[in-house]
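Engineer: Structure in structure tokens, see below.
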Amino acid sequence: MYADTTAPGEGGSMPMQTAYDRRRLGGARWAVAAVFGVHGAVTGSFATRIPWIQDHAGVSAGQLGLALAFPAVGASLAMPLAGAVSHRYGARAALRGLLSLWTLSLVLPALAANVYTLCAALFVYGATAGMSDVAMNALGVEVENRLDRSIMSGLHGMWSVGALLGSAAGTVAAHLGTDARLHHLLASAVLTAVGLLACQGVLDLRGSADGKPPGFALPPRSALAIGAIGFCGVFAEGASLDWSAVYLRDVLGTSAGLAAASTTAFALTMAVARLAGDRVVDRFGPVRTVRAGGMLATAGGVLVVTASHPAAAMAGFGCIGLGVAAVVPLAFSAAGRSGTNPSQSIAGVATITYTSGLLAPSAIGGIADLTSLVVSFGLVTVLVSGLVLGAGVLRGSGRTAAPGGPGEPGEPGEQRRAAAPAPDLRT
């Protein structure tokens, strides 16, 4: 098992917490939230400079598409190693190192001179992104367990906020014509410093010496069903984020400005919904939250594919964003409570969701080439309807409900958590 060495006596499940313990956990929560924000800011900083990177490396659109697959490849291969790193060095030290590698890797793609070095740079970029992603989600789940209330949606909301801030800064840099090598060097330095500072406040979990985990471990079967729910949510999110502007322009004939605004509005909707999502999860439980979200997203998908006016399509995309916003946070939360190896389960779910994020844009484009974008978003509608049927696999992924609220059948809530030991984060 892991023990918390943050302060004497803070081990186990802490069924009886002192006010001091609660304050320390509150601080750990905000520290992890800052880590999520830093992680998102790196992604936002990179995404806005892809055109500059393409021009500098001299790669074609097809070569760029190939190179952009390498982050997912690197992440998928490296994620299963994250648990072993945390077990060996402790969760705080592991997160500090992995997050720093991720923020520093931001400088690599802009240095690439051809398609080969760009692929290599993006492989490293993805590998460090994936391992730090697993480490921070595992710590987030642990804090959520000890606080006995949902926080994962808010943490992922902070990731979205960080991505928006990073992309905003990147947009300004691009508008000013700033060399991306300089921009990413400065961004990397700032984000590394902020990340190191934030990591000082996370829980310091240490692995026991009763066994050495394998260096590479496949995810347990319990993570596959949870990952399937995450797949549906991330596919709908990626498809809407990358293709909503194109849909409005090509299908409904809107102006380029209005089409671009729809993408920004979708991203903001996701961020706001995730920041507010924890209260909804605490009130209604994860299963009802995802089922209701699936219904809303399905209605949004129907609205998109039947829309004859841009306003209707934008409303539909907004409903999709609201409906799937809590899916990924709750999938990670459920993974962190499935079995005895939460980091291993989180790595499995993260691998599936990364794959979904990789497949979504190309799948939508491929189907659109063969048929139309309307048919493509018909597929999205079918996938999000699966959230309604499959939400039950997330039972236990968060606090059931507030006292007296309409909790989920079969989720004992606080009594279940109080009786359970702290999860073993080893792989």
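Engineer: Normalised by the number of residues in the stretch 23-203, what is the relative contact order in percent for Cα pairs under 8 Å and 6+ residues apart?
Structural biologist: Relative contact order comes out at 46 percent.
Engineer: Could you order peptides 255-265, 347-357 by the average number of other Cβ atoms within 10 Å of their residues, highest first?
Structural biologist: 347-357, 255-265
Engineer: Compute the Cα gyration tensor for the stretch 230-280, then decide on rounded, prolate or oblate, letting a ≥ b ≥ c be the square roots of its eigenvalues: rounded whenever a/c is under 1.5, prolate when a/b is larger than b/c in the other cases, and oblate in all that remain.
Structural biologist: Since a/c reaches 1.5 but b/c is at least a/b, the shape of the stretch 230-280 is classed as oblate.
Engineer: Right, next: Exposure proxy check: VAL272, VAL202 ranked by fewest other beta carbons within 10 Å?
Structural biologist: Neighbour counts put them in this order, fewest first: VAL272, VAL202.
Engineer: Neighbouring Cβ atoms within 10 Å as the yardstick, rank TRP102, TRP159, TRP30, TRP243 fewest first.
Structural biologist: By the 10 Å Cβ count, ascending, the order reads TRP30, TRP243, TRP159, TRP102.
Engineer: Further, regarding this structure: Using only Cα atoms, locate the centre of the stretch 83-140 and the centre of the stretch 288-353, then give the distance between them in Å, rounded to an integer.
Structural biologist: Answer, in whole Å: 25.
Engineer: For the stretch 23-203, rounded, prolate or oblate, judged on the Cα gyration tensor with a ≥ b ≥ c (square roots of eigenvalues), a/c < 1.5 rounded, else prolate if a/b > b/c?
Structural biologist: prolate
Engineer: Amide H of SER150: which non-local residues (sequence gap of 5 or more, or other chain) have their own amide H closer than 5 Å, using H built in the peptide plane?
Structural biologist: ASP282, ARG399
Engineer: Moving to a separate point now. Can you sort ARG24, ARG181 by how many other beta carbons sit within 10 Å, fewest first?
Structural biologist: In order of increasing Cβ crowding within 10 Å: ARG181, ARG24.
Since every read-out is calculated from the coordinates, none of them should be taken as a lab result. Treat the numbers as computed from the prediction; the structure is a model and nothing was measured. Heads up, the Cβs are rebuilt from the backbone with ideal geometry, glycines too, and the neighbour counts pull from every protein chain shown.
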